[in-house]
Amino acid sequence: MKQIEWFQDYRQHKKFIDGVFQEKDVILQNLKDEGKERIFHVLSFGGGTQSAHLLEQHFRGEIHYDYIIFSDTGAEPEFIREQVRWWQLRQKQVGNTTPFLITHHGSMERGLEEMLMRYILTDYQRFQMPVYCNSVNQDGEITPAGILPRQCTVDFKIVPVKQAARKAVLELLGLKPGQRLPKDIGFIIDIGFSLDEIRRIHTYRSPQYEYIRLAYPLVEENRTTDESLAFLSNQGFPMRRSRCYLCPFHCGADRGIGMDWEEIIREEPFSFLKACWFDSRLREVQATGNKIMRSIPYLHYSRRPLSYVFEQEFRILHQSYNSRLQEWEKEWKEFIASKYGLKIVA
Ligand code: SF4
């Protein structure tokens, strides 16, 4: 597997030099200097590999956590949910009693599927996924136009973890959800990004809560994704990479990094069909001109319809699952219409 080779120490990286993120000890000291005497340590557990590495370090007593929190995006493949259950079982087996909480987006509790259905079926405009885009120039030529921001990670993963941590501490203190936390409470939430994912770090601060800070312990250990995978493999632990079944960051199986469309087709054929449905419906909705989105969206990095890229598989699966797909669509339409009280526009 290929890893970046141009730096091996996070201290040499511009993001660290520019103060985009800080070391955990520095964060801790700063919180104390701000009068935070009670600081809660939280692991944002993604259900995949790198945060599992941190979780196991916690089980071994190497890192302290007060809470382990998994935010379900609503589009996790079943094999990732199984992996989460595996880690919950391991926690019991090793006798660890840290609260292990499962949460989700605050208002769209059915997660990313709900956001997408709301976007497709109603006049909702906020699109939160990193789809690949094409644009049409003045001569009518189609040209690649980048990728939309990865807002879903923040909205469906990181923010729900912050909210769940805050709620857990309010409960611990016997306070109600709407009440203010005492001024001496602070949080440090560990995110399992690796050194080779340092580009994903945007801040150590929380735009939503000034008393929450984000830390990146694997980066501080200069650990790469491959090292976490090797660690899990050596122990015989599960090592599926966490992501949503329709994530545009899926690649081809030839890259060998374990986040490929082929795995979804093989393991969750119905989810693959749902991804094809979303992929094609997004372009239909964008073409109506009723959305702010001006570029043509694609879930596949080649900027081709998913059903063309995997044409043969799609044809076979569509025959097998078509009636189930129609049922699924009908159920979603009913849900969206009743929840948002809006006329279905698409
Ligand atoms: S795995 Fe992909 S689709 Fe899911 S939250 Fe992360 S970036 Fe978004």
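So which of 36/339; 15/92; 24/167; 36/176 end up more than 29 Å apart by C-alpha?
Details: 36/339 40 Å; 15/92 38 Å; 24/167 23 Å; 36/176 21 Å.
Over 29 Å apart, Cα to Cα: 36/339; 15/92.
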Hey, how many Å between the Cα centroid of the stretch 53-131 and the Cα centroid of the stretch 208-222? 18 Å
The helix 111-121 Cα axis meets the longest alpha-carbon principal axis of the chain at an angle in degrees, between 0 and 90 and rounded to 10, of 30 degrees
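Counting only helical runs of four or more DSSP H residues, what would the 222 nm mean residue ellipticity of the chain come to if each run contributes -39,500 (n - 2.57) and the total is spread over all its residues?
On the way: 12 runs with 141 residues, N = 346.
So the calculated ellipticity at 222 nm is -12500 deg cm²/dmol.
Given Cα pairs under 8 Å that are at least 6 residues apart, what percent is the relative contact order of the chain? Write out the running numbers ahead of the final one.
Numbers: 520 pairs, mean separation 78.1, N = 346.
Result for the chain is 23 percent.
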To the nearest 0.05, the calculated FRET efficiency linking residue 262 and residue 37 through their beta-carbon distance, R0 being 41 Å, is 0.20
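Given the Cα-Cα distance of residue 126 and residue 7 and 0.36 nm per residue of separation, how much length would full extension add, in nm? Working shown, then result.
Numbers: separation 119, 0.36 × 119 = 42.84 nm, distance 3.68 nm.
Taking 0.36 nm per residue and subtracting the Cα distance, the gain is 39.2 nm.
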Once residue 20 and residue 318 are pulled to full extension, the length gained, defined as 0.36 nm per residue separation minus their Cα-Cα distance, is 102.7 nm
Anyone know which of 55, 246, 172 comes out most mobile in the 10 Å Cα GNM of the chain? 172
How much length, in nm to one decimal, is gained on full extension between residue 85 and residue 302, taken as 0.36 nm per residue of separation minus their Cα-Cα distance? 74.7 nm
Hey, what angle do you get for helix 159-172 against the long axis of the chain, alpha-carbon based, 0 to 90 degrees rounded to 10? 40 degrees
With θ taken as phi - 60° and the coefficients 6.51, -1.76 and 1.60, list the Karplus ³J(HN,Hα) couplings across the stretch 57-64 in order, rounded to whole Hz; mark glycine and proline as x. 4, 5, 4, 8, x, 8, 10, 8
Only Lys, Arg, Asp and Glu count, each charged at its Cβ (+1, +1, -1, -1), so figure out the dipole size of the chain about its Cα centre, rounded to 20 debye. 860 debye
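Calculate, for the chain, the solvent-accessible area per residue in square angstrom, rolling a 1.4 angstrom probe over the heavy atoms of the protein chains. Spell out each step's value before the answer.
On the way: 16720 Å² over 346 residues.
I get 48 Å² per residue for the chain.
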Report the residues of the stretch 63-79 in range of a label on residue 249: point 7 Å along Cα→C-beta, backbone N strictly under 15 Å from it. 71, 73, 75-77
Taking a cut-off of 20 Å between Cα atoms, list the lysines near residue 291, but don't count ones fewer than 8 places away on the same chain. 333, 343
Size of electric dipole in the stretch 278-346: Cβ of Lys, Arg +1 and of Asp, Glu -1, about Cα centre, debye, nearest 20: 320 debye
Could you look at the stretch 112-170 and say what percent of its accessible area is carbon and sulfur, using a 1.4 Å probe and all protein chains? 51 percent
Choice from 289, 178, 47 showing the highest fluctuation, given a GNM over the chain with Cα pairs closer than 10 Å: 178
Anchor residue 183: aspartates and glutamates whose Cα lies under 17 Å away (excluding residues fewer than 8 positions away in-chain): 33, 34, 37, 171, 210
Helix 225-235 against the longest principal axis of the chain: what's the angle in degrees, Cα atoms only, rounded to the nearest 10? 70 degrees
Note on the stretch 231-313: contact order normalised by length, alpha-carbon pairs under 8 Å, 6 or more apart, percent, works out to 23 percent
Per-residue ³J(HN,Hα) for the stretch 146-153, Karplus 6.51 cos²θ - 1.76 cosθ + 1.60, θ = phi - 60°, Hz, x for Gly and Pro: x, 9, 6, x, 7, 5, 4, 4
I want to check the label-to-label distance for residue 339 and residue 96. Put each point 7 Å from Cα in the C-beta direction and report it in nm to one decimal. 3.2 nm
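The values are calculated or read from the model by the stated rules, or taken from the named source; none is laboratory data. Owing to the predicted nature of the structure, the values given are computational and were not obtained by experimental measurement. When we count neighbours, we look across all protein chains shown, and the Cβ atoms used for this are built from the backbone with ideal geometry, even at glycine. What goes into the accessible areas is simple: the full protein's heavy atoms, side chains included, and nothing from ligands, DNA or RNA. Shrake-Rupley method; radii C 1.70, N 1.55, O 1.52, S 1.80 Å.
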